[in-house]
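Below is one structure, written out as C-alpha cells; comments come after it.
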Amino acid sequence: MWEGKWGKVSPPRCYGEGLYDGTLPAVVAELDSHRAYIASSPIGGEDANSDNIGDQHFWEVWHGMGDWCHYRDSRARFCSEFGFASACLPALWFKTLEDYTLGGKEHLSHDKTNKPWEHFKGYVELHYPEANTLGEWTYTSQLNQRDAVRFGIEHFRRDPGCKGALVWQFNDCWPVQSWALQDYDRKLKVAGWEMARLCAPMLLSVVCTDTEAEIWIINDSAASAEQTVSASWVSTRTGAALGNEEYSVTTEPGERKLVGSVDFTGSHPNTTALCVEIKGMSETKRWSLLGEPKDTELTPVDIREVAPGEYVVTGFVRDLIAWQVDR
C-alpha cells in the first residue's frame, strides 16, 4: 500500500516499520523460534508485490484489465490474494431491497466494490448476455465470478512454480454484491460451490484454444495414482454425443501433467460443450463451453418428473441453478 501510494493522500513515511522489522520478529523469535517470520503480505523483491518473488496480491484483473482470462499473466509463487465480484443470492436481495431496479440507487447502495456500474456490468458482459433485470444480473454475475475464480485457481495449480492461492473473500458482513464466495445470509454463491472441486487434491483443468482443448491433471495428494480420464463432447443444441476419448495417465505427488488434447477442427465453438472426468471420481467432472456463454446456441429442453424429486431432461442444460426465495 505504501509503495503503490494507495489512497488520495499518502503519508510522509511508511508507518509501522518499527513493529514489522523489530518488535514482531523479536517476539516470534522468543516464543516460536522454529517458525519463519514474514514482515508483510505481499512481500518480495524491491517491489513488495513483485511477480515470481515471495507472495503476490494479484488485483491487476479486477482493478485493472477486467477480463479474468488475464489471471494467466500472473507468475506468482504464492498468490495470497485475488478475487472477482458478483451479486448476492436473490433471497437476500428480496429481504434487503424495496426497489429492485437493476443499476438503481438502492441496488448500487449495496455494492461493496465501489466499481463504476458500467465497468462492473461490462466485465460480466464480456462473456455473458446483457442483463436487464436484477434476477438476470444475479445469475450472470455469479456464473462469471465462478468462471473467474475457476480460471485463476486452475492456472495457479497448473503452474509448477506456484505453491498456493487464496481467494478474497469468503463471506460478507452486510447485504452487498462483493468478492465474497458466500453472501451475508451465509448462502454459497455459485463460485462457492465450485471451490470443493477446485481445492480437491486431484484436479482436472481444461485450457481451450480456437481449435483444441488441452486437458491437464494436477495431483496434489500424497500418493502416486494411475487413472483413466474420459473426455466427451456434445451438441449444445440437442445434447447429442459428438465424440469421446479416453486417456490412461500416471501421476506422482505434486505433478502437473498434460493428459492430452482434443482436436475440435471442424466443430463450431458455439454449439459444442466438453466434459472431462476421472473415471470413478465423479467429483472431478468439469464442463467447458468451447465458445463464449453469450454466443452459445441453446434450444428449449424438456424436463419431466418421473418420480417425486426425480427428473429426466431431454436436451442440453448448462448451469441450472435452483434458488429458494421466500417473498
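The values are calculated or read from the model by the stated rules, or taken from the named source; none is laboratory data. These numbers come from a predicted model, not from an experiment. Note that each Cβ is placed from the backbone with ideal geometry, even for glycine, and that neighbours are counted across all protein chains shown.
A few comments on the model shown:
- Residue in the stretch 31-43 that is surrounded by 14 or more Cβ atoms within 10 Å (Cβ to Cβ), at positive phi and in contact (Cβ under 8 Å) with a residue 24 or more places away in the chain present: no
- Filtered by the rule that a residue be closer than 30 Å to E98 by Cα and of a type outside the set (A, V, I, L, M, F, W, C), the stretch 295-327 gives D319, Q324, D326, R327.
- Qualifying residues in the stretch 225-259 (those that are surrounded by 15 or more Cβ atoms within 10 Å (Cβ to Cβ) and assigned to a loop (DSSP other than H, G, I, E, B)) - the one modelled with the lowest pLDDT: G239
- Test result for D147, acidic (D, E), within 24 Å of F58 (Cβ to Cβ), surrounded by 15 or more Cβ atoms within 10 Å (Cβ to Cβ) and in contact with a helix residue (DSSP H, G or I) (Cβ under 7 Å, 6 or more places away or on another chain): yes
- Test result for S80, modelled with pLDDT of 90 or more, over 20 Å from F120 (Cα atoms), under 16 Å from the mean Cα position of the chain (by Cα) and not in a helix (DSSP H, G or I): yes
- Only residues that are touching a residue at least 24 places away in the same chain (Cβ under 8 Å), within 24 Å of N171 (Cβ to Cβ), out of contact with any Gly (no Cβ under 7 Å at 6 or more places or on another chain) and not aliphatic (A, V, I, L, M) were counted across the stretch 69-118, and they come to 18.
- Note on the stretch 52-71: residues that are surrounded by fewer than 16 Cβ atoms within 10 Å (Cβ to Cβ) and either over 27 Å from K121 (Cα atoms) or charged (D, E, K, R) (or both) total 2.
- Within this structure, W174 fails the test of being surrounded by fewer than 17 Cβ atoms within 10 Å (Cβ to Cβ) and assigned to a helix (DSSP H, G or I).
- Residue, farthest from W216 (Cα to Cα), within the stretch 241-299, restricted to residues that are under 26 Å from the mean Cα position of the chain (by Cα) and of a type in the set (G, A, S): G291
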